[in-house]
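Single-structure report; data block below.
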Amino acid sequence: MFFASTSIIALRVNLEDRKQPNSEDVCSRHNEMTAWAGGTPMSGRTGFYRSELLTALYGVPSNPVKNVQSGPGCGKDFPWSITQQQLVQWVDPMIERAIVEERPMVVIEIGVLYGGTSISIAERIHSHLTQDSLLRENSTVISVDTWLGDMAMWNNRDFQKQVHAQGGAVYDEYNCYAQNVQLSVAQDMIVPLRLPSSIAARLLYQKGVLADLIYVDGSHDFEDVLGDLNRFKYLLTSCGQLFGDDFHLDSVKSAVVVFANQNNLRIEKIAMRSHSGADQVGWALRSSQGC
């Protein structure tokens, strides 16, 4: 009995003496871009060729959109895609920069649904470049989405009934996106990445992908918007730009303002459209020191 008690006391002493993990040490090893699989991240670089990017993501240099059965597309009247004003003010200057630097562009859209914004940006790049342009043949617009619906959709009775009828699965949104892409003159440029944005950010970071433009239009909840901004900032080129829409929503506005203040960035705004009683506002983040 005495020896047992002594052993227990010794065990308690050993456990108390054992060094506890320091929270600062743990955080220094793990941040929002840490991935548990895949090895050490590659060095980020600009000008990824499309074939390189496809091979890095899918193991082959071909676009998986081509494997979806073609169809008429849908959602063409979806009213919330990027506007002409945004393309002129924020996309065109980046295209001109890529032309001057003679390199392909990479653009990422977070939150895609029917593909209207990804298609508009890709077609904008396509229209600015000549038929034999290296930039046209190798630039990429990456569409990041799960195509599984967001909070608004899952609270919509029609959507709920549709998913229930499909056995709990969501099929139509991705097929609609893929078919819309197939109908675009810039279809080869648009590449889907069917992942939650947090995982997509870490995967692209691990592959060393840097983007000229990142359009943030995923979940509009404050924490989700701020999380997307904090993760995808690591995927910007030196003069890259985060931009998006729905600045008229308090949750989006608050997240963008917090992120801008934390990173010493200036917010630019642009009127987009009026729809269903809402005056939609676009936003872009600029370095206070210029580029």
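The values are calculated or read from the model by the stated rules, or taken from the named source; none is laboratory data. As the structure is a computational prediction, the values presented were derived from the model and not from experiment. Here Cβ is always computed from backbone atoms with ideal geometry, including for glycine, and neighbour counts include all displayed protein chains.
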Exactly one of these conditions fails for residue 140: (1) on the phi > 0 side of the Ramachandran plot; (2) touching a residue at least 60 places away in the same chain (Cβ under 8 Å). Give me its number.
(1)
Within the stretch 253-270, which residues are β-branched (Val, Ile, Thr) and crowded, with 20+ Cβ neighbours inside 10 Å?
256
Being modelled with pLDDT of 90 or more and of a type in the set (Val, Ile, Thr) is the requirement here; does residue 181 meet it?
yes
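Taking the residues in the stretch 42-63 that are surrounded by fewer than 17 Cβ atoms within 10 Å (Cβ to Cβ) and within 18 Å of the chain's Cα centre (by Cα) as candidates, determine which candidate is farthest from residue 134 (Cα to Cα).
Taking the stretch 42-63 first, the residues surrounded by fewer than 17 Cβ atoms within 10 Å (Cβ to Cβ) are 42-43, 45, 51, 55, 58-62.
Filter again for within 18 Å of the chain's Cα centre (by Cα), leaving 45, 58.
On the way: 45: 18, 58: 22 Å.
Top of the filtered list is 58.
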Reported set for the stretch 123-174 where residues are assigned to a loop (DSSP other than H, G, I, E, B) and not polar (S, T, N, Q) is 129, 132, 145, 147, 148, 149, 150, 167, 168, 169, 170, 171
One residue is enough: does the stretch 244-252 have a residue meeting the conditions at pLDDT 95 or above, β-branched (Val, Ile, Thr), within 26 Å of residue 140 (Cα to Cα) and buried (at least 19 other Cβ atoms within 10 Å of the Cβ)?
no
